Amino acid sequence: MSKQLAIDRIRCDGRGMCAELLPELISLDDWGYPVIASGRVPDQLSAQAERAVRSCPVLALALRSVPVPEDP
């Protein structure tokens, strides 16, 4: 299993803390709301992704397990 970031857009209030902690995967739109890069979280960024999730003051950011595709 690998991890992927997910955002609850209804819960998010656009503080931007996640983008400050994880700029490699999260940018902000014109209104200050996060835009998450698609795909899985690279292993070298997993600790930073977990920190960004824990730091979200409104619990809008989550790490979800996604299956890794098998090679044919």
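Bear in mind these aren't lab numbers, they're just calculated from the coordinates by the rules spelled out. None of the values given here were measured: they were computed from a predicted structure. Cβ coordinates were reconstructed from backbone atoms using ideal geometry, including for glycine residues, and neighbour counts include every protein chain displayed.
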Check: So how far apart, in nm, are the two label points at V35 and R51 if each is 7 Å from Cα heading toward Cβ?
Finding: 2.5
Check: Could you list, bin by bin from short to long, the percent of Cα-Cα pairs of the chain in 5 Å steps?
Finding: 3, 18, 30, 24, 13, 6, 3, 2, 0
Next item on the list: Can you figure out the FRET efficiency of M17 with D43, using R₀ = 30 Å and their beta-carbon distance, to the nearest 0.05?
Entry: 0.85
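Please tell me the relative contact order of the chain in percent, rounded to the nearest whole number, where contacts are Cα pairs under 8 Å and at least six residues apart.
47
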Next item on the list: Tabulate in residue order the Karplus-calculated ³J(HN,Hα) for the stretch 51-58, using 6.51 cos²θ - 1.76 cosθ + 1.60 with θ = phi - 60°, rounded to whole Hz; enter x for Gly and Pro.
Entry: 5, 4, 5, 5, 7, 5, x, 10
Checklist line | Residues whose placed amide H lies under 5 Å from that of L28, excluding near-sequence neighbours | finding: V35
Margin query: Quick one: 3J(HN,Hα) in Hz for the stretch 15-30, Karplus 6.51/-1.76/1.60 with θ = phi - 60°, rounded, Gly and Pro as x.
Written below: 6, x, 4, 4, 5, 5, 7, 9, x, 5, 10, 10, 10, 10, 7, 4
Notebook entry, point to check: At 222 nm, what helix-only mean residue ellipticity would the chain give, in deg cm²/dmol to the nearest 500, using -39500 (n - 2.57) for each DSSP H run of four or more?
Noted result: -5500 deg cm²/dmol
